[in-house]
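Scroll down for the structure; my scribbles are underneath it.
Computed from the coordinates by the stated procedures, all read-outs in this text should not be read as laboratory data. Quantities reported herein were computed from a predicted structural model and do not represent experimental measurements. We place every Cβ from the backbone using ideal geometry, glycine too, and count neighbours over all the protein chains shown.
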Amino acid sequence: MARGRLIVFEGAEGAGKTTQIRLLAERLATAGISCVAVREPGGTPVGDDIRDIVLHQEQEITAATEALLFMSSRAELVAREILPSLTKGNVVLVDRFFLSTYAYQIAGRGLPEPEVRAANRLATAGLVPDLTILLDVHAAHGLKRADARGKRDKIERSGDDFHARVGNAFRHFADPAWQHSHPECGPIKLIDGTGDEATVHQRVISALGSAFPQPFATIKS
């Protein structure tokens, strides 16, 4: 059986990742293509507990603790959900992966890149995404979308300067030179995340069909 595809959705707060994953998963299911959708942090019992700690519990944690908790959740998700699903030939859709760590913990929190990248190699066991869809929205616009969902979590409350650094970092990741120097990230496609969800979805479908005619060309409208 051929290995499945690992497709990651990334972007700043309110970029529309969760919505686009839902729409894509529904479209794949309609086309008869096996698909598994997971999110970070979370997706396993340990990961769900970590999600509560880093996003919802009120006690403060250090930047290093935050990064290592994300890595711990990722290690569980990769070993228990992502790799087994890929082995079965499924398309795996991930709502955030390690580009978020690079954006939030390196650019946002100021942690040293070499140490974070080394920890990530341990957490992912060297797994490289087949494609990362990077949804681009301005930080203020994204946070306005996030506010419409309800009360901000701890990371969403980190301040405008923090979110500006994160947004700038995500855009920098789309630069071919940056990607060349970070081969662990695989190919990254920057997509305009503004507009209604159907319009953005068509951009996502087009990008996937161009990158991987099989199986994604079969779900083009």
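Please give the FRET efficiency for ASP147 paired with ALA2, using the beta carbon to beta carbon distance and R0 = 45 Å, rounded to the nearest 0.05. Write out the running numbers ahead of the final one.
Working: r = 43 Å, r/R0 = 0.94.
Efficiency for this residue pair is about 0.60.
Extending each Cα 7 Å along its Cβ direction at SER181 and ALA211, get the distance between those two points in nm, one decimal.
2.2
Cut-off is 10 Å between beta-carbons; in what order do SER158, SER181, SER100 appear when sorted fewest neighbours first?
Values: SER158 17, SER181 9, SER100 24.
Fewest-to-most ranking of SER158, SER181, SER100: SER181, SER158, SER100.
Compute the acute angle (0 to 90°) between the alpha-carbon long axis of helix 17-30 and the principal axis of greatest extent of the alpha-carbon atoms of the chain; round to the nearest 10°.
Approximately 20 degrees, to the nearest 10.
Going by amide H atoms built from the backbone, whose H comes under 5 Å of the H on ARG39, apart from near neighbours?
ASP95
For Rg and Dmax of the Cα atoms in Å, one of (i) 16.5, 48; (ii) 19.1, 63; (iii) 20.6, 77 was computed from the structure I shared and the rest are decoys. Which label?
This structure yields the entry labelled (i).
Listing ASP136, ASP48, ASP160 from the residue with the fewest other Cβ atoms within 10 Å to the one with the most, what is the order?
ASP160, ASP48, ASP136
Evaluate the relative contact order of the chain (contact order divided by residue number), counting alpha-carbon pairs under 8 angstrom at least 6 apart; express in whole percent.
Computed over the chain, the figure is 31 percent.
Any idea how far apart GLN202 and ASP48 come out in nm if each label point goes 7 Å out from Cα toward Cβ?
Between GLN202 and ASP48, the simple spin-label model gives 3.8 nm.
By counting other Cβ atoms within 10 Å of each Cβ, how are LEU86, LEU135 ranked from fewest to most?
Ascending number of Cβ neighbours within 10 Å: LEU86, LEU135.
Gain in length, LYS88 to HIS138, computed as 0.36 nm per residue apart minus the alpha-carbon separation, to one decimal in nm? Don't skip to the end; give the middle numbers.
Working: separation 50, 0.36 × 50 = 18.00 nm, distance 3.75 nm.
Length difference between fully extended and current span is 14.3 nm.
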